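The values are calculated or read from the model by the stated rules, or taken from the named source; none is laboratory data. Quantities reported herein were computed from a predicted structural model and do not represent experimental measurements. Neighbour counts run over all protein chains shown; Cβ positions are idealised from the backbone, glycine included.
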């Protein structure tokens, strides 16, 4: 039988809180009565009072009245901290003052009873709370991982926060390892000894004889990237498990969040970047927004983040039924109030796209639809060119014809110095959108559609990327396949990539567009700051370590050679370009070569015709006319990485 309270979580929570307050009130009032009786016994009775039971009744009344202003009856005993004990002390002092006033009104002059009563009731109540906390720690600690020894790694402030907010694990802490020379070994923090610096971690863990009961907890969320990778390596060698402190918001309200394992995203060498939430909200709020490729990794995350800013409508377009259904189910749970429309359509079908734009009249278009798998597009070059080039042109032309305010093209680092058909096709798409945008801005047409291009590298965990592949191979016990030991890529989380895409869109269409106009008129392309490139073999080793295994021992890494169209390293911009700052953290602007819009349209007409006829040779020749730097690598031949390419990228940032 389903009760009313079980159907109403808010009512259930109120009932639970009412029961807690009633229980706390009863226990505290009883302790107030016992404390008054004991104070009377110690002081030879309560002045001016004859009945033996009267001190107990009076003591219960005093603590009942004094406790309400300080909300001591609403305290959660198991989470009572320093501030709670301070309020408890103030309530006991007020109870003592009430007893003094009561006795003074009765003509008593000896007020020692009130002082003894206040002290006694505080000892009783504080002792009850501390005893309850200790009992819970002992009870919860048995039979769990926290029964082992814990070493904290991080600064003193965050370590102190861990000890204060996670008392159930605090008693297992045997020491802490700090960064910097601010705390020398031998000193103590909240009773916990400092064992040494991070550089001494290997020696410390060896001396502790880790085994299976030693747990290293990283308490500083800023401790990540290469430093965290080095800690994982040391911990693996000594058999020590590594966990990270949870987000403190998970501890609020009496809910203690568990320690979580190190995540792959924690190993990225990049700090989180702030965003201009106001500019993004102004761009999206109340607008009709269309997302092409809405079922993909980028498209679905775009839908989720855009839905948070209150668009008037979301039009989700994809050619795949199942991925489109998946993103709709997700939005139904997270943003049910946002009106949305699911459109099954092929962006290569001009008539269908015209009908979609006519029906829904979008004001903003985010174009994420593309074929992105490099070897698959190499095997099917005409299909890749039709989707990535012709499809992009159809979406852009249709959007401009229907008065769309702005279109955002999601591009890739593979468009720079392309070696694959996929990369070259995205570069052609970039060039067409550049030409459209430059024409509109140079002509001073305020109502003309703005075309913003955003370029970035690999997204962690995206469909068809290397990380899901490694995860599947790990589940089978290996080996993990890497094409080349020198292979390196830029990586970014999907949420951060999409957040910066929205930031770039706001910069290219909002208030900052005027300041960036000289660059945009020259065909400027927004480039996300991807941080430092990651070697794929290092990524494979890190994933093996995170799985609790040892590379080359428990799981092998096998090198398979480059696949068709692949390069050892990707670029985010051309070497002859100078990246320009945009004023937005994480965003820069490149000024790649542009082409005349009419010239690009003529070549793309011929390109589309060749692809529809299945003539891939002619199609690729036409691509080279637009992208002369396209050096096709259809057989996966290893080409030397230009000297200083990565250094140029680092210096530009």
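Table for the structure above
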read-out	value
Answer from 509, 483, 453, 493 - the residue that is within 15 Å of residue 534 (Cβ to Cβ) and in the same structural domain as residue 369 (by TED's automatic domain parsing)	493
Leading residue by the ranking (modelled with the highest pLDDT) among those in the stretch 235-256 that are assigned to a helix (DSSP H, G or I) and touching a strand residue (DSSP E or B) at 6+ places or on another chain (Cβ under 9 Å)	235
Residues of the stretch 571-589 satisfying the condition of being under 19 Å from residue 628 (Cβ atoms) and touching a helix residue (DSSP H, G or I) at 6+ places or on another chain (Cβ under 9 Å)	571, 573, 575, 577
Residues located in the stretch 500-516, provided they are at pLDDT 75 or above and farther than 21 Å from residue 363 by Cβ	500
The stretch 206-219: number of residues that are at pLDDT 75 or above and surrounded by 18 or more Cβ atoms within 10 Å (Cβ to Cβ)	6
Residue within the stretch 135-147 that is modelled with pLDDT of 65 or more, assigned to a loop (DSSP other than H, G, I, E, B) and within 22 Å of residue 239 (Cα to Cα) present	no
Residue 593 being closer than 14 Å to residue 525 by Cα and touching a strand residue (DSSP E or B) at 6+ places or on another chain (Cβ under 9 Å)	no
Search result, residues across the stretch 338-363 that are in contact with a helix residue (DSSP H, G or I) (Cβ under 7 Å, 6 or more places away or on another chain) and crowded, with 22+ Cβ neighbours inside 10 Å	347, 348, 353
Test: residue 462 is closer than 22 Å to residue 570 by Cβ, under 28 Å from the mean Cα position of the chain (by Cα) and in a loop (DSSP other than H, G, I, E, B)	yes
Residue in the stretch 553-560 that is under 30 Å from residue 233 (Cβ atoms), modelled with pLDDT under 85 and surrounded by fewer than 15 Cβ atoms within 10 Å (Cβ to Cβ) present	yes
Pick from the stretch 478-499, criterion touching a strand residue (DSSP E or B) at 6+ places or on another chain (Cβ under 8 Å) and under 24 Å from residue 302 (Cβ atoms), ranking: surrounded by the most Cβ atoms within 10 Å (Cβ to Cβ)	491
Set 85, 70, 79, 25: member being at pLDDT below 75, assigned by TED's automatic domain parsing to the domain that holds residue 130 and within 30 Å of residue 163 (Cα to Cα)	79
Residue in the stretch 336-344 that is at pLDDT below 95 and either over 22 Å from residue 405 (Cα atoms) or outside the structural domain of residue 400 (by TED's automatic domain parsing) (or both) present	yes
Residues being out of contact with any helix residue (DSSP H, G or I) (no Cβ under 9 Å at 6 or more places or on another chain) and either assigned to a helix (DSSP H, G or I) or not assigned by TED's automatic domain parsing to the domain that holds residue 520 (or both) - total across the stretch 614-631	0
Options 507, 611: the member that is closer than 27 Å to residue 396 by Cβ, in contact with a helix residue (DSSP H, G or I) (Cβ under 6 Å, 6 or more places away or on another chain) and in contact (Cβ under 8 Å) with a residue 60 or more places away in the chain	611
Filter result for residue 321 (in contact (Cβ under 8 Å) with a residue 12 or more places away in the chain, under 29 Å from the mean Cα position of the chain (by Cα) and under 30 Å from residue 612 (Cα atoms))	yes
Residue count for the stretch 290-332, restricted to those that are buried (at least 21 other Cβ atoms within 10 Å of the Cβ) and within 22 Å of residue 412 (Cα to Cα)	18
Leading residue by the ranking (farthest from residue 313 (Cα to Cα)) among those in the stretch 276-297 that are touching a helix residue (DSSP H, G or I) at 6+ places or on another chain (Cβ under 8 Å) and in a helix (DSSP H, G or I)	297
Scan of the stretch 364-373 for residues that are out of contact with any strand residue (DSSP E or B) (no Cβ under 8 Å at 6 or more places or on another chain) and either under 15 Å from residue 318 (Cα atoms) or buried (at least 24 other Cβ atoms within 10 Å of the Cβ) (or both), ordered by number	371
Those residues of the stretch 470-506 which are over 14 Å from residue 409 (Cα atoms) and part of a helix (DSSP H, G or I), in sequence order	470, 471, 472, 473, 474, 475, 494, 495, 496, 499
Filter pass, residue 425 being under 32 Å from the mean Cα position of the chain (by Cα), in a strand (DSSP E or B) and either farther than 24 Å from residue 592 by Cβ or touching a residue at least 12 places away in the same chain (Cβ under 8 Å) (or both)	no
Selection status of residue 475, touching a residue at least 60 places away in the same chain (Cβ under 8 Å) and either crowded, with 22+ Cβ neighbours inside 10 Å or not assigned by TED's automatic domain parsing to the domain that holds residue 605 (or both)	no
The stretch 346-374 residues that are without any contact (Cβ under 8 Å) to a residue 24 or more places away in the chain, paired with ones that are surrounded by 17 or more Cβ atoms within 10 Å (Cβ to Cβ) and assigned to a helix (DSSP H, G or I) (beta carbon under 7 Å, 6 or more apart)	none
